[in-house]
1. Find the sum over both chains of the accessible area lost when A and C are paired, probe 1.4 Å, and report it in Å² to the nearest 100.
2. For region A:1-152, what is the convex hull (Cα atoms) projected area averaged across all directions, in square nanometres?
3. Residue by residue, what Karplus-based ³J(HN,Hα) values in Hz, rounded to whole numbers, does region B:555-563 have, using 6.51, -1.76 and 1.60 with θ = phi - 60° and x for Gly and Pro?
4. For region B:831-910, what size does the Cα cloud have along each of its three principal axes, sorted from largest down, in whole Å?
5. Would you please classify the overall shape of region C:243-364 from the alpha carbon gyration tensor, given that a ≥ b ≥ c denote the square roots of the eigenvalues, rounded means a/c under 1.5, and beyond that prolate means a/b larger than b/c while oblate covers the rest?
6. Mind ranking A:32-43, A:153-164, B:768-779, B:820-831 by how tightly packed they are, going by the mean number of other C-beta atoms within 10 angstrom, highest first?
7. Evaluate the distance, in nm, between pseudo-label points positioned 7 Å from the Cα of B:Phe493 and of B:Ser672 along their respective Cα→Cβ axes.
8. Measure off 7 Å from each Cα along the Cα-to-Cβ vector at A:Asp42 and B:Asp372, then give the distance between these two points in nanometres to one decimal.
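The values are calculated or read from the model by the stated rules, or taken from the named source; none is laboratory data. Predicted model, so just to flag it, every value in this text is computed and none were measured. Don't worry about glycine lacking a Cβ; one is built from the backbone with ideal geometry, like all the others, and counts go over all protein chains shown. Protein only, heavy atoms only, side chains kept; ligands, DNA and RNA dropped before computing areas. Shrake-Rupley method; radii C 1.70, N 1.55, O 1.52, S 1.80 Å.
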Amino acid sequence: MTLPEARWMARFATERDLLDAIPIVRRAGATDVDAATPVESDAVLDSLEIRRSRIPTAAFFAAVGLGVGAWWIEWWTRNESFPSDVGARPNVSSWADLPIVFESTVLGVAVSSFVLLLVALRLPRLRHPWFAVAQFGADDACWLAWAEPHASSSRHADLAAELAALGATTILPVLPDDAEPDAVENGAGSSL
Amino acid sequence: MPGDDGHASSISRRNWLAYSAATAALAACQRAPRGKIIPYGRAPSSARPGVPIEYATAHEVDGRAVGLIVVARDGRPIKVEGNPAHPSSVGATRVFDQTLVTSLYDPDRARGPTNHGQPASWQTFEKAFPGDLDARGEGLAILLPRISSPLVSMLLERTKQARSGVRVYFHSPLEPDNVWSATKLAFGSALDVLLHPAKARVVLSLGGDFLATGAGHLRHARAWSAIRRERADDIDGMPRLYLVESQKTPTGAAADHRLAASRAEMVAIARAVAAAVMKSTAAGERGGLEKAIVDPSWEGDTAHAPFVAACAKDLVRAGTDALVVVGDDAPVELHVLAYVLNARLGSTGQTFIRPPVLAPGDRSASIEALTDRLSSGEIERLLVLDTNPVYSARSLHFERAMKNARMSICLGLYENETARHCQWFLPIAHPLESWGDTRAHDGSVSVIQPLIEPLYSGRTAAEVLALLLTDVDRSPLALAKASFGERQSKGSFDEEAWETSLRTGVEAETSFGTARPEIREADCAEFLHEWQVQRSALEIHLRADPAVHDGRFSNEPRLLELPDPFSRVAWIQCATMSPGTARAAGIIDGSLVRLKTEAGEVTLPAAIISGFANGVVSVTLGWGRDGSELAARGRGANAHSLVSSCREWGAPGEIAVVGGGVPLPRSQETDSLEGREETIVRLRRAGTQAPPDEPRRLTLFDAESRSVHAWGMTIDLGACTGCNVCVVACQVENNVPVVGARGVQQGRIMHWLRIDRYVVSDEGAPIDVFMPMLCQHCERAPCEYVCPVKATVHSDDGLNEMVYNRCVGTRFCSNNCPYKVRRFNWFDYHEHDTDLTALAENPEVTVRARGVMEKCTFCVQRIRTAEHTATVEDRPLARDEVVSACAAACPTEAIVFGDIADPLARVSKARSTAGSYSVLGELGTEPRVRYLPRRRNPNPELT
Amino acid sequence: MSPATVPADVDEESDQELLTGRARHEDLAERLLEPLWSTPRWMKPALIVTFAMTLMLVGAVLYTMVSGIGVWGNRIPVVWAFAITNFVWWIGIGHAGTFISAFLLLLEQKWRASINRFAEAMTIFAVMQAALFPLLHLGRPWYFYWLVPYPSTMSIWPQFRSALTWDVAAISTYFTVSVLFWYLGLVPDFAVARDRAPTKARRLVYGVFALGWRGSASGWMRYRTVYALLAGVAAPLVVSVHSIVSMDFATAQLPGWHSEIFPPFFVAGAILSGLAMVFLLMLPVRRLYRLEEVITVRHLDMLARFTLVTSCIVGYSYAAEAYNAAYGGDVFEMSQIFSTRARGPFAWAFWGTIVCNVLAPQILWLRRARRSAPFLFALSFAVQVGMWVERFLIIVASQSRDFLPSSFRTYTPSFIDGTILVGTLGCFLFLMLLFIRYVPFIPIREVQRLQRSLAEERSA
């Protein structure tokens, strides 16, 4: 018999235990494997094989756009829209344009990357299934999250036992608290 | 004027109802005056709305008129210019001519007749006066200022005929009484001196300030600067001016050789010069005169020996081209001595003329005589017409004497000090509201015509005098015409001649003939022989204030805010002295001092300026007013109380510090050039090579001209006398606000055009240089490229334009302006403007809001108006058609404005003369204003 | 805190010194969250006082707005005076934050961890004060938006050759980036606060600010990318902003302003005053919250070294300015530097500046000085004053005596000028206090990371 997809979280005291657990969970055919750590950890990212973010690329184009836009406004207002004799200075004075172009470019990077981060992480949000998990975030423990598509209760029991052996103090189900599917949220293939 | 004892603010508080009512009346009707007044120059035109019309009239001060052309728009006068056809004006004006328009709308003006302080009406007055005056008019005394009006003299004549008992007296302060006494002694009758400085080649002035004060000074200044400019390269042809003075005067600043000497020293120097001249002119025979003068005990101070020797030699060499001038304030002896010298030299630079004023030097008609009569109770009725004896005859305590009169009447513009002590007060018609006539310094008659119906039921002095006569038409116009008829040789009234005289502003062939009468050498010799020079430790000198004159203009904020040419102090009356004098008395600049003479004492802040004679303190008249003039009230002290007689120009006295330093509101803090002469002020000696102009700098890009016209200006430092009239003219033309004493002290003075004064040294000799400084309209204006909102940009014809309503007030432009000519509206300087005061403002010029920059616009409104007219008349702009307000007012033509694209324009000719340079030219801002170096013609023997 | 308190087991000059005592082992999150849950006794009066000063500022600003700039001491030719002096000074203070967090992040300086949040907050609040002045000093502040190219039917645009329009761009960008950078750094710590908040209300509030952060691996990955990105762009801002501010002066032709050395000179000065302000704020907090084990003498030492370096650069700039004036021989430049400043009416400011900003910091060559909190506090105060006076000197002295002696004029500030300066100080401190009270002002997660890496180092 098969059960509907189930999501689980396992709590590990230390990051090292978590790292040992990740391959096991994956071998067990779990999907949407993700981890929650108090501080970022390269090791975890590596073992989860999360792909590099594409935010910088996007931010780059946003920045260039804003910079060029700023330069165009300066050029247009001075040469096309309303040319006037200011101190007998030539209308095309690009050196004077540079500071604003530079600042606009920087602004482009900052704002766009920040916005894109929120978009990528589906933030801001107040509620999330994980928050419902007991003890989550109560201390500096690490958590492993995964989903078992059509898994049978027996196979889950085996996995749980295995994880417990690796130091998982608790293994709890994650109850979907809202309709919004969280699948795309997870690492593999989902990063922007 | 926030923070200040504000004029405007106090106006707005003071019975605003009264004049808002008056204003309503103004708004309601165009107050075109009764009777036909004739526009200047062109045929009478029906006044079209918004189209300015010019009328010729005249402004009489101290019995000598200056012809004016007043611009009226929609029936209200807004600007005053000089009348080129008038002998005393030659197109120029004085500072207080310029402010006529603002004084017209002065809210402090008296609103109507009062009787014992209660509002009354002219009707009630006419009942009371002449009232029960007996037929002979016994016991009636009329007090007038020294007046030159043929109309008034006619009326006085008739009055005398009708009522032989009427007595007439004259009083105005600052009379040239010494001149009249001296001429009486030397020539037998009281005469005025008529100078022809342009005729002379060597001039010795003994305190004679003929370029800036006294009769006909505008004319003299014009002629003098013209001839100096013309002969700039000719070391012998260019008139050379030797000058000895105790104070500092514009003429002194313009001198080639100047000595600062107290009056006593001046006498010694004069005698020494005279002696030297006599020696060389009259070799051998030594008549009484020589004896009187060539007296060993009179040999001057040896320190001045070289000056004396060189000057005498120069005078003798010049012969008939020599001229000795003496200031009105000098003692009689000095005048006599000067006449003698001129006679000996055969000087053609000086002739004599009948004084235009009535009863010159007639003691029996003096205010002293009147005071005695009043005290002795001989006079029951006193009629004071437009003079203020209670203020200006302080030492006589006129107010006490007045109490003895049963009826005292005062006619004046303000309820002044005298009005307060009179039973009746009557408002006089403002000069711009009056019909009448007056004489120039040379006697030529001008008709005074009104530009506006009297605002407050004012009447002229003539109208009041006419009340004493039964057989005259009392309407002002009729009176003026009657007087005109008298002058007309042919019996019938010539309407055409009348209109012509109105149009031209001066009547032909009315000037007095000048003469060179025979000098009575014997009398002079005798007189000079008894000459006793009184020396005193400290001489206190009185003089007319360069701005408010004798006090009659002291309610003019714009005049009060005019910096003194030398001390640069505005709004405050100072006791001015030399550093030496100050050190001797332990005085520092701004410390409060008490001046004490036998007659009285005053307490004033001290202003210290170099170049004053040691042992001399100078105080200006016209302050310490206590009438209803709110702007004038409580400022300074009445210096008249220092002298015991109105004819005295000073007195020996003592000085003492009574208080700590009051920071003086100065428009300029230093007069040194900090070693920057080369790039700011250039001198040029006659006959020397002019310094080369700075080379044009290489630039990355060229400013191409995009218009047929290129407006520019040339300023001649050699001609500027620092008279300040351009400053006031600019204010009136461009609605420039005043900021009050505190504002001036904080450096917030708003003058678009200011006159900087520097003391530069020419081989050790300190030279005062006046430098009119205004927006230079740089072709590469540094103010423009720093403005973040494009509020100041360049026009095609080269004007540096200020867009007031775009300005946000970053003030970056002011920072980047090397000439610091930009002015900022720190407050809303117009918030206290009333509908009435606003009438004086030029409708062509925006009134600037708070928080915006402003500066000289080269009178862009005048340029555009001229261009529009030319376009309408389908013609090109005529050469020199556009004249800026400052250039128009300048007596010496030091400021020339015009189109530098036209090589034949006056401005182009001026700037192409040798030595013309641009201030701070090395900065590469390429100013449109160029300066001509300060001309000098020192005697080679003295350098 | 004196060197004596450094535990013996730490070999000095090494990063191990960055966390000392218990801070090496215990649960730092709990410890660093404590200030959020409790109000210290001194907090309330401090808040009241600074708030009163803030109200004073508001009053002075309104008065100025209603009456006009005339209520200040400004005059022709000194048209900028206090407002712009304060502006440049505050902006300068605002530099240390970004410098410490962004620059040192890129340089991978471990010691940045405990102090960067603090410095960033300081930056933001300082820039807030600074931004007040360019607006307020306008003759017609309500038209400030005319400096921005908003769509206008009149098609009148700003004049982009003017350095003031560059200012607008620079300041607004700098402020935005600083805020984003600061907030992004805060998100994980807000999350901790949320997860461990004692009450529901606080949980909710911090929850809102935490944006729903839960430290998922994928989140951390993007977070780090963006944080590095922001640091990367914030770093050049540190240089660009004050360079552009300096161009307000350098692009003018005023003697004493028109000088090519200004951009680097201003940046150095800015960082100097910024570091001084960090000391002035951090040292008291460190003492009050007993944070000597998290903000250790090692931190002080490193900051002090930076102070020394920047002060030397500033000193060099002073020398260069004088040298160029003398070498160029321009009469106006010479009289400005040597007559007006060195000997003239502004000599007090000139020499005072040199003593406070150049000579005094030289004491930091001594290790003891670098590690003595009281000394650093005193020194920072001197430097702070010195930097303000330096800006005053540059701005006012140059304006008051430029080209034509006729327009030379001495400057005296008005009472309102002083009120506004003091008021901004109060407002700044008020905001800082609120920050200390309600925001985790020591980056919890970063310090934990530091703690871990140090532990790894030790075990290795």
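1. 5000
2. Average of the hull's projected areas for region A:1-152 equals 14.3 nm².
3. Result, ordered by residue: 9, 9, x, 5, 6, 5, 8, 6, x Hz.
4. Per principal axis, max minus min of the Cα coordinates gives 46, 33, 24 Å.
5. Verdict is prolate for region C:243-364.
6. Ranking the peptides A:32-43, A:153-164, B:768-779, B:820-831 by packing returns B:768-779, B:820-831, A:32-43, A:153-164.
7. 6.8
8. 11.8
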